[in-house]
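Step one of this worksheet: look at the structure below.
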Amino acid sequence: MNTRIDDHDAVVYDLDGTLVTLAVDWRAAAEEATAAFADAGVDADADLWSLLERAPEYGLADELESILAAHERRGAERSIRLPRADALPHDRPVGVCSLNAESACRLALERHGLRSHVGAVVGRDSVATHKPDPEPLLTTIERIGADPGSTVFVGDSERDAVTAERAGVAFEWVDG
């Protein structure tokens, strides 16, 4: 087991790129999101995550979330288990904090036999904000009954590292 994790009382993992790879057709998701903006008469010349951030100002938040979550759930059904998932279970509280929809996270964890090893799952749609805002990570930590100062967040992206820093939580790169 990883020494860094052993130095902490709790572990929170990112999902996609850390425990599993979701097989999401992001091009199709972006096309569907762009079409939703176009149908509302809004110029959608932006990447998918920028559209997600802009959606509330045009009253498209629920529709865009529904589009993304559906694509992510399909991707979860075809997801691939990554080597870091083999570290589970741990003898300490474990959570998942993801930029993906909570329902997709739960499907992927279930598909790979990991759900029973995870005490809390917080996705993009679980709280009012999403990574790199610290709220989702701090909510995950709270739900597993841990303290931010004794938790490590394991992730695969700069967004994950920034989230951990903003939450005052130790960070470990998945391949570290």
Just the residues that are over 16 Å from residue 152 (Cα atoms) and not hydroxyl-bearing (Ser, Thr, Tyr), please, taken from segment 126-140. 127, 128, 130, 133
Select, from 78, 74, the only residue that is farther than 28 Å from residue 145 by Cα, loosely packed, with under 15 Cβ neighbours inside 10 Å and at pLDDT 95 or above. 78
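If a residue has to be surrounded by fewer than 24 Cβ atoms within 10 Å (Cβ to Cβ) and in contact (Cβ under 8 Å) with a residue 24 or more places away in the chain to count, how many in segment 155-166 make the cut?
To start, the set of residues in segment 155-166 that are surrounded by fewer than 24 Cβ atoms within 10 Å (Cβ to Cβ) comprises 156-159, 161-162, 165-166.
Pick out the ones that are also in contact (Cβ under 8 Å) with a residue 24 or more places away in the chain and you get 156-157, 159, 162, 166.
Selection size over segment 155-166: 5.
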What single numbered condition from (1) within 16 Å of the chain's Cα centre (by Cα); (2) under 19 Å from residue 16 (Cβ atoms) fails to hold for residue 113? (1)
Among 98, 150, 116, which is the only one that is more than 20 Å from residue 6 (Cβ to Cβ), surrounded by fewer than 19 Cβ atoms within 10 Å (Cβ to Cβ) and not β-branched (Val, Ile, Thr)? 116
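Answer yes if at least one residue in segment 7-22 is modelled with pLDDT under 95 and either crowded, with 18+ Cβ neighbours inside 10 Å or assigned by TED's automatic domain parsing to the domain that holds residue 155 (or both), and no otherwise. Even if it seems obvious, please write down each step before you answer.
Here is the first cut: in segment 7-22, the residues modelled with pLDDT under 95 are 7.
Restricting the remaining residues to those that are either crowded, with 18+ Cβ neighbours inside 10 Å or assigned by TED's automatic domain parsing to the domain that holds residue 155 (or both) gives 7.
Yes, segment 7-22 has at least one match.
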Which one is nearest to residue 24 (Cα to Cα), of the residues in segment 45-63 that are at pLDDT below 95 and crowded, with 19+ Cβ neighbours inside 10 Å? 48
Unmet criterion (only one of (1) at pLDDT 95 or above; (2) surrounded by fewer than 17 Cβ atoms within 10 Å (Cβ to Cβ)) for residue 138: (2)
Could you check segment 1-29 and list, in sequence order, the residues that are aliphatic (A, V, I, L, M), outside any strand (DSSP E or B) and under 18 Å from the mean Cα position of the chain (by Cα)? 15, 19, 22, 23, 24, 29
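The values are calculated or read from the model by the stated rules, or taken from the named source; none is laboratory data. The model shown is predicted, which means the values in this text are computed figures rather than measured ones. All Cβ positions, even for glycine, are placed from backbone atoms using ideal geometry, and neighbour counts span all protein chains on display.
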